[in-house]
1. In the range 127-137, how many are more than 9 Å from the ligand (Cβ to nearest atom) and in contact (Cβ under 8 Å) with a residue 12 or more places away in the chain?
2. Scan the range 145-178 for residues that are surrounded by 14 or more Cβ atoms within 10 Å (Cβ to Cβ), closer than 15 Å to S124 by Cα and small (G, A, S) and jot them down.
3. Of the residues A118, A140, which single one is exposed (fewer than 12 other Cβ atoms within 10 Å of the Cβ), near the ligand (Cβ under 8 Å from one of its atoms), in a loop (DSSP other than H, G, I, E, B) and of a type in the set (A, V, I, L, M)?
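Every number in this text was worked out from the coordinates using simple rules, so none of it is lab data. Computed from a predicted structure; not experimentally measured. We place every Cβ from the backbone using ideal geometry, glycine too, and count neighbours over all the protein chains shown.
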Amino acid sequence: MNNHDEALIGDYGMKLVERACEPGSFEYKIEITLPGDIGRALPYINAQVECIDYLHNEKFLSFRHDEIFCSMRPNLITIAMVHNREEALQKTEIIIGLLNDIWRRRGDIEPKYNGKKAKPPTLSIYKLLPRTNCRECGLATCMAFASALINDQAELDNCPGLLHEEHSSKRQELTNLL
Ligand code: SF4
């Protein structure tokens, strides 16, 4: 077996932990403890999952996969939220399988060392728009368009005003922010 065939996670311990904030709710988080340090794998995993937050120096990654919310540190994986042991086993198997698959394919993956780009405030986007509320973008107001841009429901090209020379520097700023 060469190094690329080695599973990232072989043995592990798994337990259910009751939510401290809601005792008696029958909702648990799963804690998966690992015997080894898998911090080296985090940039590869970050490149392949739907990242929620990634802090490279702190070696912390949280992500979503198939509606499973998961956070990772080098020796600990946490999955939220389950209601019973069967569900916990199923979700654990899915996540361990995902991580081992990513690790197996790491030779083809460009590691990613940055977290998700934070979304800019709506107002800062709005201030860079023409602010005429002309509706040519299909939305009722420039504020609505700003919100749509932030949520990836619109593109800068949808606003004809931004194509005018007088707005070129603002368009560039918007491109940088988004
Ligand atoms: S087309 Fe541009 S200027 Fe007109 S409402 Fe939409 S965002 Fe505002």
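1. Start the filter on the range 127-137 by keeping residues that are more than 9 Å from the ligand (Cβ to nearest atom), which leaves 127-128.
Those left that are additionally in contact (Cβ under 8 Å) with a residue 12 or more places away in the chain: 128.
Adding up the residues that qualify gives 1.
2. If the condition is that a residue be surrounded by 14 or more Cβ atoms within 10 Å (Cβ to Cβ), closer than 15 Å to S124 by Cα and small (G, A, S), then A146, S147, A148 are the ones that fit.
3. Working: A118 fails: near the ligand (Cβ under 8 Å from one of its atoms).
Of A118, A140, the one residue that is exposed (fewer than 12 other Cβ atoms within 10 Å of the Cβ), near the ligand (Cβ under 8 Å from one of its atoms), in a loop (DSSP other than H, G, I, E, B) and of a type in the set (A, V, I, L, M) is A140.
Residues checked against (1) surrounded by fewer than 13 Cβ atoms within 10 Å (Cβ to Cβ); (2) of a type in the set (A, V, I, L, M, F, W, C):
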| position | (1), (2) |
| --- | --- |
| I32 | no, yes |
| G39 | no, no |
| Q48 | no, no |
| E58 | yes, no |
| C70 | no, yes |
| G107 | yes, no |
| T122 | no, no |
